[in-house]
Structure formats: C-alpha cells, structure tokens
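Structure first, commentary second.
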Amino acid sequence: MPDETQTLSPAVAAAARTHPDSPAPKATVWLLRLVLVGLVLAALNLRPAITSLGALLEEVQNGLHMSGSVAGVVTSVPPLCFAVFGLAAPRLARRFGAAAIVCAGMAAIATGLLIRPFAGSTPGFLAASALALMGIAVSNILMPVIVKRYFPERIGSVTGLYSMALSLGTALAAAATVPMTEALGGSWQAGLAVWAGVAAVAVGPWLLLLREREGTGAADTAAARPLGDRSAPALRITRSRTAWALACFFGLQATGAYVAMGWLPQIFRDAGVPAGTAGVLLAVTMVMGVPLAFVIPRLATRFTHQGPIVAALGLCGLTGYTGLYLAPAAGAWAWALLLGISNCAFPLALTMIGMRARTGAGVVRLSAFAQSTGYLLSIPGPLLVGVLYQHSGGWELPLALMAGLMLPQIAVGSLAGRDRTIEDEAGMRH
C-alpha cells in the first residue's frame, strides 16, 4: 500500500514525517479488527447525547419546567465541556494510555445518558449531561491517537470510516429518537435513556483491548506523548494571525453546528412541522457530513487558498437561515439540506489546521489552540439564541443573528485559508 502522506497536502505530509507517533507493536489481525470495531462504536456515540436531546427539547423543557433561557444553557453545555475536558485528554492519555481513557469515556457517556432523564431536576439533568459530554470530549480528542498508532499505513481510510460513523450516529439519533419515544409509550425519559444502551455496547471492545497487553500499556502511552511533547521548539502561537483566524472560524462554525443540533427541530416544530418530521430534518442536516467529510478535505488540499470553499459553505448557511426566516415550513427540506452543507465547515477547519502548520508539533499546538479557543467562543451562541427566542416570542431575531454570523465566518475563514504557516508568522526558522 502506498504511503498515505502522498495524498495529503505538503504541509500535512511534512508534519506526519517530522513528528511521527510511536508505532504500535506488531498486532494480530484479531486485535486490529477489535480496535476497528471499537473505533466505529465509539464514533457512533460521540454525538447522540446532543442530537437526541435536540429532537425532544420541547418535552424536556416542559417536563423539567425549563425556560427558554435555561434551555439555551443546556444547548451551550456541549461546547463548554468540549473546551474544558478536551484540554485534559492529552495529559490523561500520557498517564493511563489512550485506550484506557477512551474506555472510561464510553463508560462516562453510558452512565450520564442513563442518569440524566431520571435526574428529576434541571441541575441534575445538567450534571448528568456534563458527565456524558466529558466522556465525549476526551474520546473525541484521542480517537486520532488510536487511529495513528494501530493503522499508521491506513490513516486516511480509517479516519474516513471513523468520520462516517460519527456523522451516522449524529443523524441516527436525530431521526430515531422521536419514533423510539413513541414506541416506548411516549415517555421522553425512555426515549433519551435508550442511547445509554448503545454507549454501553461501545465499552465492550475497549475492555477487551485493555486486556491485551500488547495493545496497551507503555507503548500506548508513548503513542499519546506527541500530543504534549515538551522537547519541541517553543512556538508562541498567539503571535500568529492565522492561528487566531482559525480559532475564530472554528468557533463560528461550531456555533452554527450546536445551534442546529440544539434548536433546529424546535424551529421546525414551532412552524407547524410534526415532531417526527422535525427530527428527520435534523438528521438530513447532520447526515450531509457523511459524504462531504470525504469530499471537502480532498478538495481543500488542491487549493493554495481555501477562501472560495469557505465562502461557498458560508453562502449555503446564509441562504438556509434566510429561508428559515421567510418560509420555515414550506422549504423545510431545502433549508435543512443547505444548513447541512454549511455545517461541513467542520472538516474544512480540521483540514486547514493541518495545512497551516509546517511541523508535527505545530499541527498539535495549532489544533489544541484553535479547537479549545473555538469551543470557548461558541458557548454564548446557543445560549443567546435561547434568550432571544424567549424574550422575542419567535424565531425571527435568533435566525437573523445566525444569518449575520455567516458573514464574519466567511471573513475569518478566508484569512485562515491563506497559504502560510504559523511557524513563519511566529518567527520560527524553517
């Protein structure tokens, strides 16, 4: 099989060669298949905690007597947890091993999803949600470590499979939660709790993997070490305009994604769309990530400047939000499709992170900076949408806000898409 760095951009290929992960010991076919099953099952569980709640947000609000503002807080919890707990993942992996932390992450997801519907109060619901989201945050960060360690010659194909499973799980939870709730007697608690079972299944392969000494322990810890390599040259990333542009771009696209996951079904339901159909519409938005996660990164690496792709995705979002403002029910399927295309700014952002750094250490630091800062920037968005919805009594102001945010997203994304590296901007020698 040819070296897959040949299919990447020069910057990404150079990063892969400059700072490789420690390779895994020679693994058996059975062990590799177990890791692959574990990756797919883990990826399937990285978004249902969010999209299943979006499909039943009205029922949860009524059941727990939440105001629109408090519901906005609920939809802001995911990016907050991703920003805070994601920072701890590299350190935990260095100490316990990446596979052990992913296993614990799956267990946290299952436990949180099981507890939160029956917490009986908004604080309890939020605390259980935070537990599940903590598991998602650390697992999300460490999935690439596992992929790179066990499949060093198939990083692209295995990452594509993992990304497809993530998008599939996101869409499945959005589409199936309402029908399952109806099948279980109409209880929103049962409809949300069922996803705990899916997460519990994902724990199994990782427990088996931990029993394989050849696949865990010191070598696994070594594989995670590049995430926090202290021997790399000092890089003052805050001096880089591109790093800040990428962080802002990541934050704005994350704002759109979490507003969609948290509020889009409710927007459609308030426009007269049945609850089940509203969940399917969210699924349409989310499932666009399955094919486009393969197409957009490959397309981006063919351009020296990714600004045109940023603009095309931003215009899709602008059109989608405008359509929701003017005719939410009449053009519901078209708006869901356009917002799904717009949300594919996420794989574009990840691709640009790899292209905007020249070294492996630079990629890691840029990724940590852009994602952590971006998630922090995205926290107010869903909350503000909830406040505007409650105080205005409709979706006009929230939708105008989201449409307006597409303009700075295009601007900062175009700045981030320029052909330059953070090492050059930070004054480091080649």
Overall form of the stretch 326-418 per C-alpha gyration tensor (a/c, 1.5; a/b vs b/c): prolate
Quick one: 3J(HN,Hα) in Hz for the stretch 32-46, Karplus 6.51/-1.76/1.60 with θ = phi - 60°, rounded, Gly and Pro as x. 5, 5, 5, 4, 4, 4, x, 4, 5, 5, 5, 4, 4, 9, 8
Please work out how much accessible surface residue 425 shows to a 1.4 Å probe, ignoring ligands, DNA and RNA, in Å² rounded to 10. 50 Å²
For the full complex of protein chains and a 1.4 angstrom probe, list 423, 182 by accessible area with the highest value first. 182, 423
Using the Karplus equation 6.51 cos²θ - 1.76 cosθ + 1.60 (θ = phi - 60°), what ³J(HN,Hα) coupling, rounded to whole Hz, does each residue of the stretch 110-126 give in order, writing x for Gly and Pro? 4, 5, x, 5, 6, 7, 4, x, 10, 5, x, 8, 5, x, x, 4, 5
In sequence order, calculated HN-Hα J values of the stretch 315-320 (Karplus, 6.51, -1.76, 1.60; Hz; x Gly/Pro): 5, 4, x, 4, 5, x
Using a 1.4 Å probe, how large is the accessible area of residue 244, given in Å² and rounded to the nearest 10? 110 Å²
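The values are calculated or read from the model by the stated rules, or taken from the named source; none is laboratory data. Quick caveat: nothing in here was measured; it's all calculated off a predicted structure. Only protein heavy atoms, including side chains, enter the accessible area calculation; ligands, DNA and RNA are left aside. Shrake-Rupley method; radii C 1.70, N 1.55, O 1.52, S 1.80 Å.
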